[in-house]
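Values in this text are rule-based calculations from the coordinates and carry no lab data. Small disclaimer: the values here were computed from a predicted structure and weren't measured. All Cβ positions, even for glycine, are placed from backbone atoms using ideal geometry, and neighbour counts span all protein chains on display.
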Amino acid sequence: GVPFNGPVCAAVPTATGERLREIIRYASKGNALGSDRWSFAELGLLPAEAIDHLAVVFLLAELLGRWPSALRDMLFLQLPKDGAVRAGQRRPIALLPMVYRLWAAACRSRVLTWRDACRARGETPVGAGALDEAFELALEAEAASRDGEAFGAVFLDCSKCYERVPLSQLREAALAEGFPAGVLALALDMYRGRRRILVNGAVSDPVAACCGIPAGCGLAVDLLHAYLT
């Protein structure tokens, strides 16, 4: 009975109120707050009816393919790295609204179903993580030492691809890989929202971005998987 306008896509309910309450009950209560200033501890204090209404909000958001404007805010912290002396050398981490994080956690079963389907087709992302590459190089070095051969390797400090992914290309790639369309639409709508950077206690004016999978999003690894595949 709630009127709404705009493009409507087919949506599967992300979760019932009961499922959301279960996620809240077992979620870590020490997570840093996002722009909505809610915590999982506070969400756990709400009456059951409020969480039931939140489940309806999630369903309407998926039907519309967008979040309410008040939720489309992300805070980016600049975490210090060893040897960093300037803000630009720090590692960005996104603090997304806690309500969005709850929704992303509720989507896990649908995303895991998609991931299993990818594995069944033999599809894996291109490349490997830094730790995997380090172990592979160590193995090659041991083999070279055993055979009396010289061996050398060079490590380059490359910028993380999370920040470099164009969102338009991410959408095309994820849809081509069969990523759940309703989940993808809401993730991208959040990624295109307002971004504010926190550095040394100062907060930037909001900006919109056309690139970047926010590290800190519960769907980031799977979306990068779809993009690299």
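Extension gain for the segment Ala141 to Thr229, taken as residue separation times 0.36 nm less the Cα-Cα distance, is 28.8 nm to one decimal.
Taking the DSSP beta bridges with both ends in the chain, the antiparallel portion is around 60 percent. Couplings 3J(HN,Hα) of segment 22-32, computed from phi: 5, 4, 4, 4, 9, 6, 5, 8, x, 5, 5 Hz, in residue order, whole Hz [Karplus 6.51 cos²θ - 1.76 cosθ + 1.60, θ = phi - 60°; x for Gly and Pro]. In a DSSP loop and with at most 11 other Cβ atoms within 10 Å, the GluC sites (Glu not before Pro) in segment 148-219 are Glu149. Per residue of the chain, what 222 nm ellipticity follows from adding -39500 (n - 2.57) for every DSSP H run with n ≥ 4, rounded to the nearest 500? So the helix-based figure for the chain works out to -13500 deg cm²/dmol.
Working value for segment 49-108: equivalent-ellipsoid semi-axes of 33, 11, 9 Å, each the square root of 5 times a Cα gyration tensor eigenvalue, largest first. Distance between the 7 Å Cα→Cβ label points at Glu42 and Arg164: 3.8 nm. Calculated on the alpha-carbon coordinates, the convex hull of the chain measures out at 169 cubic angstrom per residue.
Both radii come from the Cα set of segment 23-82: Rg as radius of gyration, Rh as Kirkwood radius; their ratio Rg/Rh reads 1.04. Quick check: from the Cα gyration tensor, does segment 32-134 come out rounded (a/c under 1.5), prolate or oblate? It comes out oblate by the Cα gyration axes.
In units of the compact-protein estimate 2.2 N^0.38 Å, segment 159-229 shows a Cα radius of gyration of 1.15.
The trypsin sites (Lys or Arg not before Pro) found in segment 19-109 that occupy coil by DSSP, while having at most 14 further C-beta atoms within 10 Å, are Lys29, Arg37, Lys81, Arg86. Give the angle, between 0 and 90 degrees and rounded to the nearest 10, that separates the Cα long axis of helix 130-146 from the longest principal axis of the Cα atoms of the chain. Its long axis makes an angle of about 20 degrees.
On the beta carbon distance between Val154 and Asp205, with R0 = 35 Å, the FRET formula returns roughly 0.30.
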